[in-house]
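Take a look at the structure set out below.
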Amino acid sequence: MSEEIIKAEGLTKIFNGNLVAVDHINFSVKAGEVFGFLGPNGAGKTTTINMLITVLKPTEGTAYILGNDISKQNTEVRNVIGVVPQEYTADEDLTGYENIILCADLYGIPRNVSKKRALELLQLVELIEFKDKRVQTYSGGMRRRLELACGLINRPKLLFLDEPTLGLDVQTRAATWNYVRMLKKEYGMTLFLTTHYLEEADALCDRIAIIDHGKIVVIGTPEELKNSLGGDIITLSIKQNVDITNLVKKIEHVKEVKKENDSYIIKTGNGEVTAPLIIEALRKEGYVVTKLSLTKPTLNEVYLHYTGKSMRDAADESAESVMARRIAMGRARH
Amino acid sequence: MSETNHVSTSKLHGLWALTNRELKKWYKAPVVFFLTLVQPIIWLTLLGNALNLGSLVSAETITFPPELAAQFTPTQLGALSQFFQGLSSQVMGSTFGTTSYISFMAVGMMAFTALFTTMFSGMSVVWDRRLGFLNKVLSTPVSRAVIILSKVFSATLRSMFQALIILIIAIPLGFQFGVNFTPLNIIGVFAMLFLICVGLSSLFIAINIRSTRIETPMAVMNLLNLPLTFASSAFFPIEKMPAWLQAVANANPMSYTIDGMRQLLIFNTDWTKLAFDFVYVGIFAFVLTTAGIVLSWRFLNK
């Protein structure tokens, strides 16, 4: 089996001949990793997923899932992936159990296998007590879990989660994160998820691609992305009224020192290690540190740095134009 | 998840799963199912009696003017009254092909219940799209054609069941079978219904699959509903319509469906007419099914 579970090559989707939703993106996802697509609404995340899960045909370029071309080997791709969509797709008129069996039938799994598997999965997502209740009576969190169970029915090698925690309360979100971690750890599953929650990407993903206006802006581990901003920031003040800029600069790991009023702003790759070194070095010279704080960059800052706007701005950014874009895409299909 | 995947390649597996999903929404919902049964009873008893044209000329409705009555003896008057009543069933017979209007109308109703049911069933595809179910199904190995066919079949099965209920209910209400009716004819009736339902539901699904709002199919249905119903032989024979309406009714596939069913159930069967009905409806069904499935399939493969 190839090490690359997903390999996208110039993947592009243009709706109605002019609306570029996904613009020549390239990336690859390795076996066993949790890969996150991070971006504001309308950035092209769902369109990318829809192409990867063979619901939409790429306009240009293609992607390979476990070596199968998504535009040509549809069936092979569909058999090895599981999909947990953004929406609640379970049929409200059917029970949880019936819904899972329906999913199993769609994959052509024989009844004797699917019955056993359905119960296992309902156990896994803690819905076994409610299996014969109609989905109508389920709460939002329960419905999410049911979607997850449906997505796992064919024992996929690769699971797609489209905005898995959208609109969930804090507890349910935490529970969803735990499921994701468990699938990765215990089943060695590869997961591809989209989100517009930075903390979610940070907490779950091994690697993140930031996507904006249909293009991938940057790819890397959350640490790499944060470090690419220049690392942590240490702010410190000393008792003595002496300029220590040159002294601090010589300390290991320190990248940059700036004096602002009475405090020094120090950029470093690894704040936890550098801070004690600085204190130690200053004490040796007889200086007394009066204040010290350590700030770690968040993905929010990474996002801000790479897209030129914060997540919140992006959401506000002409809400109308984003809406218009979404509507146009909706019309175009899905 | 080490167990190997047991994947059957049978297309029927997914087709039945999806068809049954649609049907379950109907037969597993007691209220919906009950209303399905009650609706034809209401239609038949209300419309069948309200439009009972056969009762227009009867002993009660015939009163002779006194000056006319004075010229005849009571026996003669009785005979005259008998003559007019006989005339009534003669007129019914020559106009409707049967002396029982409720039989005439019940067959029309069977066809129209089929039309309505296919129309409404087709709307579920709009919800499937809006709720994301369609996309989920598209990401599974089920073929696109199966997704469309499951919609067509569930609508067809439901329509045929409803038509059967109407026929069963019509019997105690006075339904009169034709002279050369045999139970085998029922098979022909359902073959006819099958053709029209498959054709119509393929068309409606092709229309509905493109709309994201439920209002669009609603508008389309309202537009098609009345002309398809009344510009046909469902409630009134085509020969008695004005010429321009006859032209419309003669093109309407519903007319042929209904005529075919009447030939099989209540008329003194005219085999040439029946054969022509089958050919017309068959061609219509074939063209619409092909067009509908191709259009839907192309849409799903964008």
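Within 30 Å of A:ARG207 (Cβ to Cβ) and surrounded by 16 or more Cβ atoms within 10 Å (Cβ to Cβ): which single residue out of A:LEU292, A:LEU282, A:LEU299 fits that description?
A:LEU299
Listed residues A:LEU102, A:LEU122; which is in contact with a Phe, Trp or Tyr (Cβ under 9 Å, 6 or more places away or on another chain), assigned to a helix (DSSP H, G or I), under 25 Å from A:LEU166 (Cα atoms) and not hydroxyl-bearing (Ser, Thr, Tyr)?
Exactly one of A:LEU102, A:LEU122 is in contact with a Phe, Trp or Tyr (Cβ under 9 Å, 6 or more places away or on another chain), assigned to a helix (DSSP H, G or I), under 25 Å from A:LEU166 (Cα atoms) and not hydroxyl-bearing (Ser, Thr, Tyr), namely A:LEU122.
Which pairs do you get when a residue that is within 14 Å of another protein chain (Cβ to nearest Cβ) and of a type in the set (A, V, I, L, M, F, W, C), found in segment B:110-136, comes within reach of a residue that is surrounded by 20 or more Cβ atoms within 10 Å (Cβ to Cβ) and in a helix (DSSP H, G or I), reach meaning Cβ atoms under 7 angstrom, with the pair 6+ apart or on two chains?
Hits for this filter: B:VAL125/B:LYS151; B:VAL125/B:ILE205; B:VAL125/B:ASN208; B:VAL126/B:ASN208; B:VAL126/B:PRO217; B:LEU134/B:ASP128.
One line per residue, one yes/no per condition, for (1) away from chain A (no Cβ under 14 Å); (2) surrounded by 13 or more Cβ atoms within 10 Å (Cβ to Cβ); (3) modelled with pLDDT of 85 or more; (4) more than 22 Å from B:ALA155 (Cα to Cα):
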{"position": "B:SER8", "(1), (2), (3), (4)": "no, yes, no, yes"}
{"position": "B:HIS13", "(1), (2), (3), (4)": "no, yes, no, no"}
{"position": "B:THR19", "(1), (2), (3), (4)": "no, yes, yes, no"}
{"position": "B:ALA29", "(1), (2), (3), (4)": "no, yes, no, no"}
{"position": "B:LEU37", "(1), (2), (3), (4)": "yes, yes, no, no"}
{"position": "B:THR45", "(1), (2), (3), (4)": "yes, yes, no, yes"}
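Residue by residue through segment B:247-259, note down the ones that are over 12 Å from the mean Cα position of the chain (by Cα) and in a helix (DSSP H, G or I).
Within segment B:247-259, B:ALA247, B:VAL248, B:ALA249, B:ASN250, B:ALA251 meet the criteria.
Within segment A:101-129, how many residues turn out to be touching a Ser or Thr at 6+ places or on another chain (Cβ under 8 Å) and either farther than 19 Å from A:PRO85 by Cα or away from chain B (no Cβ under 13 Å) (or both)?
So the count comes out to 3.
Which of the following residues is within 11 Å of chain B (Cβ to nearest Cβ) and farther than 19 Å from A:ARG173 by Cα: A:VAL80, A:VAL84?
After applying the criteria, what remains is A:VAL80.
Given the conditions (1) farther than 20 Å from B:THR19 by Cβ; (2) among the hydroxyl-bearing types (Ser, Thr, Tyr); (3) part of a helix (DSSP H, G or I), which single one is not true for A:THR165?
The failed condition is (3).
Take segment A:133-166 and flag every residue that is buried (at least 23 other Cβ atoms within 10 Å of the Cβ), at pLDDT 90 or above and farther than 20 Å from A:ARG117 by Cβ.
Listed by number, the list holds a single entry, A:ASP162.
Of A:TYR64, A:TYR97, which residue is buried (at least 18 other Cβ atoms within 10 Å of the Cβ), of a type in the set (Ser, Thr, Tyr) and within 14 Å of chain B (Cβ to nearest Cβ)?
Answer to the check: A:TYR97.
When both residues are 6+ apart or on different chains and their Cβ atoms are under 8 Å apart, which pairs have a first residue that lies in segment A:112-132 and is surrounded by 14 or more Cβ atoms within 10 Å (Cβ to Cβ), and a second that is of a type in the set (Phe, Trp, Tyr) and in a loop (DSSP other than H, G, I, E, B)?
Once the first residue is surrounded by 14 or more Cβ atoms within 10 Å (Cβ to Cβ) and sits in segment A:112-132, its partners that are of a type in the set (Phe, Trp, Tyr) and in a loop (DSSP other than H, G, I, E, B) give A:PHE130/A:TYR138.
From the list A:SER28, A:SER71, exactly one residue is surrounded by fewer than 20 Cβ atoms within 10 Å (Cβ to Cβ) and part of a loop (DSSP other than H, G, I, E, B). Which is it?
A:SER71
Of the residues A:LEU191, A:LEU183, which single one is crowded, with 18+ Cβ neighbours inside 10 Å, assigned to a helix (DSSP H, G or I), hydrophobic (A, V, I, L, M, F, W, C) and in the same structural domain as A:VAL34 (by TED's automatic domain parsing)? Outline the logic, then answer.
Values: A:LEU191 fails: assigned to a helix (DSSP H, G or I).
Testing whether each residue is crowded, with 18+ Cβ neighbours inside 10 Å, assigned to a helix (DSSP H, G or I), hydrophobic (A, V, I, L, M, F, W, C) and in the same structural domain as A:VAL34 (by TED's automatic domain parsing) leaves just A:LEU183.
The values are calculated or read from the model by the stated rules, or taken from the named source; none is laboratory data. Predicted, not measured: the structure shown is a model, and the values here were computed from it. Cβ sites come from the backbone with ideal geometry, for glycine too, and all protein chains shown count toward neighbours.
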